[in-house]
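Step one of this worksheet: look at the structure below.
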Amino acid sequence: MIPLGVDRDARTRPIATHFLVATNVLIFLFVSIGLHRGSVAAPWVMDQGTFVPAWAEVVTHPWTLVTYAFLHDPSGMAHVAFNMLFLWVFGRSVEGRLGSWWFLAFYLTGAAVAALGQWMTDPAPVIGASGAVAGVTGAFAALCPRARVKVLFLISIIDVSGLTLVIIFMAIDLLGQLSSSAGLGGRVAYSAHLGGYLFGIVTMVTLLALKIIPRTEFDLFYLCKQWHRRRTMRAALSGENSPWRKDALKGAVPETRTTDSPPKPMAPVDAKRELDEASECFGRGEFASAAARWERFASRCPAHPDADGAILLAAVTHARKLTDASKARDLAQRLLNRVPSAAPGLVEQARGLLTELGVSGSSGGGA
């Protein structure tokens, strides 16, 4: 799976990412061409820059904890090309959140941490930016878990969420490390990759938790908060008045309530389709369409067991996704004013939403 691009580009020019990619490519060309032409400088650069996991080497050559990440296999382009592609795809978004200087410091620190991670499992010399790039990839997963990443998979291009993609990469490296520990591995520094992922994720989560980096609606904390909200909502709507139930509409006969101009009721099959499409729209991020479908369902099937739940879902969507507080208040109050009254769980949710919007919710008469 080869990443090609993301939908969360940097808001500022990614100077540090450009610098790192250019530096890695130039050093690779210098070493590769120098070795081919018999240069004395190229072997010296490889010797002085390679990280050797041994106390004596680290004490006498401490710079190798970082310089190894700027060296790549000079026998071919694949090693440096893939590392720089990953850095280019994910680095721009991370740099956009950290700023160029802090991103550069984070990258170099990640290289050192990855080297130490490799040292714990394998005493072989290490070169390559993979560990540092894994740190950037892990940071991307924490900062942009819902971002869509275009990935070349076999012969097709697919969209995968940032968090899902990083989990797949980590699983592959974990399996590689287990195989390597069993004596079946090759020349890949899997421990450096895993150490980099862990460093990137933990560092970004810590910075977000301490609010050193401002939180956004795209980061891991927001994803967890959203998951908790959905779980709470589904728990409240898990009874018979639940539009999340796939079988909720079986045997239901829509009825109309007394109004000046009653809307045309939906057939059961159409009502079920409306609910399913509303849920699918919400899942795709088409919140305005989802809210409109829930409102239309509630209006055309007012006597249906799921009508009240649909009103609540529309109200919550307007409040938390569409930032339309006025519409959300109207829908929540409409739910509280229903006759007969809505289910206690729904009423409690509606009152909680009104409190969240700065309104004291109370039930009243009216249809």
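Among the residues of the range 142-149, some residue qualifies, meaning at least one is out of contact with any helix residue (DSSP H, G or I) (no Cβ under 6 Å at 6 or more places or on another chain), farther than 22 Å from M46 by Cα and either part of a strand (DSSP E or B) or at pLDDT 90 or above (or both). Residues that are buried (at least 18 other Cβ atoms within 10 Å of the Cβ) and among the aromatic types (F, W, Y) number at least 1 in the following helices (runs of 4 or more DSSP H) confined to the range 262-356: 268-283, 287-300.
Could you run through the range 150-182 and say how many residues are in a helix (DSSP H, G or I) and either over 20 Å from M120 (Cβ atoms) or out of contact with any Asp or Glu (no Cβ under 8 Å at 6 or more places or on another chain) (or both)? Here the count works out to 19. More than 19 Å from E277 (Cβ to Cβ) and among the β-branched types (V, I, T), is that true of T317? No, not satisfied.
Within the range 69-83, the set of residues being under 23 Å from the mean Cα position of the chain (by Cα) and crowded, with 22+ Cβ neighbours inside 10 Å comprises N83 only. Just checking, does the range 144-156 include any residue being in contact with a Ser or Thr (Cβ under 7 Å, 6 or more places away or on another chain) and surrounded by fewer than 14 Cβ atoms within 10 Å (Cβ to Cβ)? The answer is no, given that none of the residues of the range 144-156 is in contact with a Ser or Thr (Cβ under 7 Å, 6 or more places away or on another chain) and surrounded by fewer than 14 Cβ atoms within 10 Å (Cβ to Cβ).
If you check A124, A114, A134, which single one turns out to be surrounded by fewer than 14 Cβ atoms within 10 Å (Cβ to Cβ), assigned by TED's automatic domain parsing to the domain that holds V31, in contact with a helix residue (DSSP H, G or I) (Cβ under 9 Å, 6 or more places away or on another chain) and closer than 23 Å to N24 by Cα? A124 is the lone residue from the list that is surrounded by fewer than 14 Cβ atoms within 10 Å (Cβ to Cβ), assigned by TED's automatic domain parsing to the domain that holds V31, in contact with a helix residue (DSSP H, G or I) (Cβ under 9 Å, 6 or more places away or on another chain) and closer than 23 Å to N24 by Cα.
Contact map, the range 204-215: first residue closer than 11 Å to A139 by Cβ, second residue modelled with pLDDT under 95 and aromatic (F, W, Y), Cβ cut-off under 9 Å, separation 6 or more or different chains; pairs are M204/F140; V205/F221; L208/F221.
The values are calculated or read from the model by the stated rules, or taken from the named source; none is laboratory data. Bear in mind the structure is a predicted one, so any value in this text is a computation, not a measurement. Neighbour counts run over all protein chains shown; Cβ positions are idealised from the backbone, glycine included.
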